[in-house]
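The structure appears below as structure tokens.
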């Protein structure tokens, strides 16, 4: 059996779905962030698969754009996680919890 | 292109980023409290604005960096808008920032956010758009949590969680746009879409719906609005005043660029698909925002719901795609221009009044008109403009956007406009009942309310803007139209 673009996209779609489900259902800040990481990595997989297999590229277009995109997504994800964890620590120091349902002085 | 030409091309953004570095270093190196942070920030903004003016006068220079950024009238319009909004917020927040531990960081982050959004307005490639958008978002998460107080931190983390999910959806959409069209540059995407391959409709639709999630988060349109009321209520008010106008302008700028340039304004096989999507978002935002605002008692939370409803009004302009006219996009730009003056004015007045009366509850605004006629007058003017009552700028803006939608000649757009008109009537309830509380109710105490000089100047400027664009809208309209023409330049 040859592995084609469809297989990669299926895996990427499943991982993305799991990520969205976690991000929307979990109430712990850290768990939500893990869900978001899954979403981003599913996109990375899709980018790489498209870059390698897609027949859509016009002559002269560099398919390497997909690889480049992945590097930037990874970088941004790291920056976002750093800020998120710093804020989670700040909240934890004040409230002793990072549960989104209990961080609710403001009505959600 | 030589090195200097490349620098010149993204000059305003570079000036803002360098300025942010200078502000941070000055705060670190000079003795505490001695660094002229406000002056440095304003100087940076003047340099960035001047650089944009230089571009405007010498003629704009098209694409650079392999087509990743373009400097056209469209980008310049938004750079001017963002730089003036940032300058107004900087001046108005000087008093508040005095008590902040992280003064240097606050001003530097404002500049970074403005710089990233200027770059966003110039973005012409998915990679650059992604980076600029995320830089803006991450900086704004930190800004919302900048006081490190309980509520500010809570608002910050809620903003961050919604933003991270929206970014995840958006990047998956980018992956599908890239995979289907085989290009990351908007020109490449446009070339593909214009060749009209019907079998690519499904993946393209999936792509642009997910991308709209990321942009919709920045604009605060339903269903990506969840953060707005909480963040507006919990975040530091000066930061929120910045976020409410700049983030919205940035989101709409890039949505216009991607959808009108990349996916084709009115003359491609999928333009009606995404026009209907934005029409649905617009209706949902107006209904949700206005009905939510009806029951609010907190001034900031009310403005949060109001900003969702206003985003719905602007989104009508996005939906009004029609081949060969620029009425839709120029309506979006004109509306945003007047919205900057109106919403900043409303927020500044709320800051000035609430600082002194010590409450954000609307019932405590009773009789404010007797205690501070000018402050309350500016707030009333801005609320009338948000409702859309002549002779304010908000009236002309709504008229322009609604007219553009009707002119586009689609029956469903006429229905959307009808719903928008009904919504304007609903919004009059809460805006005008706030005005009535201020003007007619009796105050609990009679002492007059005073505010600082810089704040007065900014309030005066905002009120002038609201009245000027209401009475003499022609200059801003022609600027918006010329900017919109840059969007629909035929591909070479």
**Message:** Checking the conditions here, which among B:20, B:35, B:26 is closer than 17 Å to residue B:103 by Cα, in a loop (DSSP other than H, G, I, E, B) and in contact with a helix residue (DSSP H, G or I) (Cβ under 8 Å, 6 or more places away or on another chain)?
**Reply:** B:35
**Asked** Among the residues of the range B:235-247, is any more than 21 Å from residue B:142 (Cβ to Cβ), under 18 Å from the mean Cα position of the chain (by Cα) and buried (at least 24 other Cβ atoms within 10 Å of the Cβ)?
**Response** no
**Item:** Unique match (being in contact with a helix residue (DSSP H, G or I) (Cβ under 8 Å, 6 or more places away or on another chain), in contact (Cβ under 8 Å) with a residue 24 or more places away in the chain and facing chain A (nearest Cβ under 7 Å)) among B:156, B:163
**Value:** B:156
**Prompt:** Take the residues of the range A:24-45 that are in contact (Cβ under 8 Å) with a residue 60 or more places away in the chain and touching a helix residue (DSSP H, G or I) at 6+ places or on another chain (Cβ under 6 Å): which is surrounded by the fewest Cβ atoms within 10 Å (Cβ to Cβ)?
**Reply:** A:29
**Prompt:** within 14 Å of chain A (Cβ to nearest Cβ), surrounded by fewer than 24 Cβ atoms within 10 Å (Cβ to Cβ) and touching a residue at least 40 places away in the same chain (Cβ under 8 Å): does that describe residue B:126?
**Reply:** no
**Prompt:** Being surrounded by fewer than 23 Cβ atoms within 10 Å (Cβ to Cβ) and modelled with pLDDT of 90 or more, is that true of even one residue in the range B:309-329?
**Reply:** no
**Prompt:** Which residue out of B:43, B:16 is surrounded by 20 or more Cβ atoms within 10 Å (Cβ to Cβ), modelled with pLDDT of 90 or more and within 30 Å of residue B:71 (Cα to Cα)?
**Reply:** B:16
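The rows are residues; the columns are (1) within 18 Å of the chain's Cα centre (by Cα); (2) over 28 Å from residue B:55 (Cα atoms); (3) more than 10 Å from every other protein chain (Cβ to nearest Cβ).
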{"site": "B:116", "(1), (2), (3)": "yes, no, yes"}
{"site": "B:130", "(1), (2), (3)": "yes, no, no"}
{"site": "B:139", "(1), (2), (3)": "yes, no, no"}
{"site": "B:149", "(1), (2), (3)": "no, yes, no"}
{"site": "B:174", "(1), (2), (3)": "no, yes, no"}
{"site": "B:192", "(1), (2), (3)": "no, yes, no"}
**Asked** Cβ-Cβ below 6 Å, separation at least six or inter-chain, first residue in the range B:340-364 and on the phi < 0 side of the Ramachandran plot, second outside any helix (DSSP H, G or I): which pairs?
**Response** B:352/B:451; B:354/B:360; B:356/B:449; B:360/B:298; B:361/B:297; B:362/B:297
**Message:** If I go through the range A:75-108 residue by residue, how many of them are at pLDDT 90 or above, more than 8 Å from chain B (Cβ to nearest Cβ) and surrounded by 13 or more Cβ atoms within 10 Å (Cβ to Cβ)?
**Reply:** 4
**Asked** Looking at B:374, B:357, B:419, B:362, which one is touching a strand residue (DSSP E or B) at 6+ places or on another chain (Cβ under 9 Å) and surrounded by fewer than 23 Cβ atoms within 10 Å (Cβ to Cβ)?
**Response** B:362
**Request:** Mind telling me which of the residues B:97, B:108, B:121 ends up being crowded, with 24+ Cβ neighbours inside 10 Å, in contact (Cβ under 8 Å) with a residue 40 or more places away in the chain and over 16 Å from the mean Cα position of the chain (by Cα)?
**Result:** B:108
**Candidates B:374, B:389, B:396, filtered to the one that is assigned to a helix (DSSP H, G or I) and within 16 Å of residue B:310 (Cβ to Cβ)** = B:396
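The values are calculated or read from the model by the stated rules, or taken from the named source; none is laboratory data. The structure presented is a predicted model; accordingly, all values stated were derived computationally and were not measured. Methodologically, a virtual Cβ is constructed for each residue, glycine included, from the backbone with ideal geometry; neighbour enumeration extends over all protein chains shown.
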